[in-house]
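The values are calculated or read from the model by the stated rules, or taken from the named source; none is laboratory data. Keep in mind that this is a model prediction, so the values were computed, not measured. All Cβ positions, glycine included, derive from the backbone under ideal geometry; neighbour counts span all protein chains shown. Side chains are part of the model used for accessible areas, which takes the heavy atoms of the whole protein and leaves out ligands, DNA and RNA. Shrake-Rupley method; radii C 1.70, N 1.55, O 1.52, S 1.80 Å.
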Amino acid sequence: MSTFQAPKGTYDLTPPRSATFLAVREAISAPLRDSGYGYIETPGFENVELFARGVGESTDIVTKEMYTLTTKGGSQLALRPEGTASVLRAALEANLHKAGNLPVKLWYSGSYYRYERPQAGRYRHFSQVGAEAIGTEDPVLDAELIILADQAYRSLGLRQFRILLNSLGDKECRPVYREALQTFLRDLDLDEETRRRIEINPLRVLDDKRADVQKQLTDAPKLRDYLCDACKAYHEEVRALITAAGVVFEDDEKLVRGLDYYTRTTFEFVHDGLGSQSAVGGGGRYDGLSEMIGGPELPSVGWALGVDRTVLALEAEGVELDLPATTSVYAVPLGEEARRVLFGVVTELRRAGIAADFAFGGRGLKGAMKSANRSGARYTLVAGERDLAEGVVQLKDMESGEQTAVPLTEAAAELAKRLG
Ligand code: AMP
């Protein structure tokens with residue numbers, strides 16, 4: 001293994017592709033910031049307990065995929081495999097829910113870790129932008145979040161994604177369904193591990209990808225037939241609200257998702273250009289999670305969108321983001337004196353809020369002009385000894401190729417004017 005190899009299942013973000021990741025994070029969070037969501041940041045690790053109780057002791061995420069460690073002081077920690085449990089924990093710790101302003105609306109962006117078998121679109125370290133609305137049961141809130149995710153993807157230019165929607169019922173109706181499903185599943189021809197799953201988390205069996213399992217599930221009882229009136233009405237309202245907003249979705253009664261805490265509304269965003277790892281984001285309502293981790297009753301809803309897979313989705317659709325060049329002015333000094341003088345101009349430009357860069361290392365004109373081109377700068381400032389003797393710099397418009405001598409003392413002002 002080379003010393004320069006990132007760990008298995010991880011990759012580095014380097015320029016220029018890294019700019020796309022920043023733009024995607026920005027695009028996903030912008031609709032949230034404009035809708036009353038405040039930024040929250042939590043540690044990259046938490047006590048294992050939180051995820052075991054929050055995400056669910058029977059889930060793959062907790063049993064197989066968590067990076068756990070024992071600290072020198074003997075604490076059991078886990079690198080966060082997802083964001084919701086941490087954000088809720090932090091909101092409870094800070095008593096945000098007691099500030100009298102429910103729902104508490106939060107957004108976050110960060111790294112998550114799962115020990116999964118790496119493949120295209122599935123990594124051991126990945127990045128999500130997420131949103132949580134804590135403490136309110138209101139179908140408008142569920143609708144808001146789905147609409148904002150749709151808006152984020154559309155603003156990026158994505159079109160080939162689909163929204164799958166389902167209701168998982170609540171603590172009244174889900175247990176009744178669970179039992180009916182268990183009774184049905186126990187009669188099927190299934191392997192040991194799947195049999196165990198029937199007892200711990202039977203809904204997950206519906207999610208089994210194997211054809212021989214799916215074949216046996218055709219007549220499985222449907223959650224839809226077991227939803228209580230309150231859940232049915234709630235779900236109809238969510239559907240009506242997102243329909244009214246012009247957001248297209250598909251009802252998917254098989255959608256259960258891999259986390260235990262979901263109740264009622266659940267949804268997933270899938271992209272058809274990504275092969276098997278097609279889920280670009282997902283979320284739903286988690287009315288019982290706060291109590292599961294020892295908090296008060298706080299019905300909540302949220303989602304997390306995967307940044308890595310969103311970038312892959314853009315590439316699959318051939319969408320090129322319109323990323324403006326980061327550098328507006330590039331300075332090319334020819335000689336020692338010019339280095340000092342032009343670096344002074346660059347500093348002045350930067351302080352005036354104009355993005356400027358400099359040909360470092362005393363390179364020749366040709367190489368420096370290549371760098372100027374590569375930087376995407378609209379203007380280049382070139383100065384040699386003769387220019388300085390005349391008190392001017394050469395200002396070159398990189399689009400038209402036109403070059404004009406500008407008095408040194410006016411260079412910054414002239415550029416500010418031209419760049420508007
Ligand atoms: P989940 O919490 O599993 O619903 O994940 C939410 C989103 O995070 C998914 O839709 C993916 O976009 C992303 N995601 C989850 N696991 C991974 C992974 N191992 N690698 C890359 N992205 C992931």
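One equal scatterer on each Cα of segment 272-346, no solvent, Debye formula: the resulting log10 I(q)/I(0) at q = 0.12 Å⁻¹ is -0.66.
Close amide-amide hydrogen proximity is noted between VAL392 and LEU408, each under 5 Å apart and 5 or more residues distant or on a separate chain (H modeled in the peptide plane; Pro and chain starts excluded). Packing order of peptides 119-131, 63-75, 318-330, highest average first: 119-131, 318-330, 63-75 (average count of other Cβ atoms within 10 Å over each peptide's residues).
Give the average over all directions of the projected area of the C-alpha convex hull of segment 131-210, one decimal, in nm². Don't jump to the answer; show the numbers that get you there.
Numbers: hull surface 31.3 nm².
Averaging across all directions leaves 7.8 nm² for the Cα convex hull.
Build a GNM of the chain with springs between Cα atoms under 10 Å apart, and of PRO296, PRO139, PRO333 the one that fluctuates most is PRO333.
Using a simple spin-label model with pseudo-atoms 7 Å out from Cα toward Cβ, ASP252 and ARG210 lie 2.2 nm apart. Taking every DSSP helix (H) stretch of at least 4 residues in the chain, weighting each as -39,500 (n - 2.57) and dividing the sum by the residue count yields a mean residue ellipticity at 222 nm of -11000 deg cm²/dmol.
If packing is taken as the average count of other Cβ atoms within 10 Å, what order do 300-308, 269-277, 181-189 fall into, highest mean first?
Descending mean neighbour count gives 300-308, 269-277, 181-189.
Couplings for segment 304-312, taken from phi via the Karplus curve 6.51 cos²θ - 1.76 cosθ + 1.60 with θ = phi - 60°, read 9, 10, x, 6, 4, 6, 5, 5, 4 Hz in order; Gly and Pro are left as x. Against the chain, whose longest principal axis comes from its Cα atoms, helix 174-186 is set at around 70 degrees. For LYS72, the aspartates and glutamates whose Cα comes closer than 16 Å to its Cα, not counting residues fewer than 8 places off in the same chain, are GLU46.
Each listed q (0.08, 0.13 Å⁻¹) maps to a log10 I(q)/I(0) for segment 23-173, found by the Debye formula over equal Cα scatterers with no solvent: -0.26, -0.72.
Peptides 149-155, 342-348, ordered by how many other C-beta atoms sit within 10 Å of their residues on average, highest first, read 149-155, 342-348. Split the accessible area of segment 329-418 by element, probe 1.4 Å, and carbon with sulfur accounts for 49%. Set the Förster distance to 25 Å, then compute FRET efficiency between LYS72 and GLU49 from the Cβ-Cβ distance, nearest 0.05. With R0 = 25 Å, the Cβ-Cβ based efficiency is 0.85. Stokes-Einstein diffusion of segment 329-418 at 10 °C, 1.306 mPa s viscosity, Kirkwood radius from Cα pairs, rounded to a whole number: 126 µm²/s.
Between the helical axis of 336-351 and the longest alpha-carbon principal axis of the chain there is an angle of about 40 degrees. Springs join every pair of Cα atoms under 10 Å in this Gaussian network model of the chain, and among ILE163, ILE40, ILE134 the largest mean-square fluctuation is at ILE40. Axis of helix 17-33 versus longest Cα principal axis of the chain: the two differ by about 60°, to the nearest ten degrees.
Taking label positions 7 Å along the Cα-Cβ direction at both THR404 and ARG350, the computed distance is 2.7 nm, reported to one decimal.
Annotation: amide H of LYS105 within the under-5 Å range of GLY38, ILE134, sequence separation 5 or more or interchain, hydrogens built in the peptide plane. Backbone amide hydrogens, once placed in the peptide plane, bring ASP170 within less than 5 Å of CYS228, ARG264, excluding anything fewer than 5 places away on its chain.
Extension gain, SER155 to LYS417, is 91.2 nm, computed as 0.36 nm per intervening residue step minus the present C-alpha separation. Multiplying the residue separation of GLU237 and ILE200 by 0.36 nm and subtracting their alpha-carbon distance yields 10.2 nm.
Counting only protein heavy atoms and a 1.4 Å probe, the chain has 49 square angstrom of accessible area per residue. The string of couplings for segment 156-172 from the Karplus curve (6.51, -1.76, 1.60, θ = phi - 60°) is 7, x, 6, 10, 8, 10, 10, 10, 9, 10, 8, 10, 9, x, 10, 6, 7 Hz, one whole number per residue in order, with x for Gly and Pro.
From largest to smallest, the equivalent ellipsoid semi-axes obtained for segment 224-267 from the alpha-carbon gyration tensor read 18, 14, 9 Å.
Backbone geometry of segment 370-384 corresponds, through the Karplus equation with coefficients 6.51, -1.76 and 1.60 at θ = phi - 60°, to 3J(HN,Hα) couplings of 4, 4, 4, 4, 5, 5, x, 4, 6, 10, 10, 10, 10, 9, x Hz, x marking Gly and Pro. I need the calculated FRET efficiency for the pair GLU390 and ALA325, taking r as the beta carbon distance and R₀ as 41 Å, to the nearest 0.05. Computed FRET efficiency for GLU390 and ALA325 comes out at 0.85.
Tell me the volume per residue, in Å³, of the convex hull enclosing the alpha carbons of the chain.
Enclosed volume per residue, from the Cα hull, is 204 Å³.
Grab the beta carbon distance between SER2 and ASN373, set R0 = 35 Å, and tell me the FRET efficiency rounded to 0.05. After rounding to 0.05, the efficiency reads 0.60.
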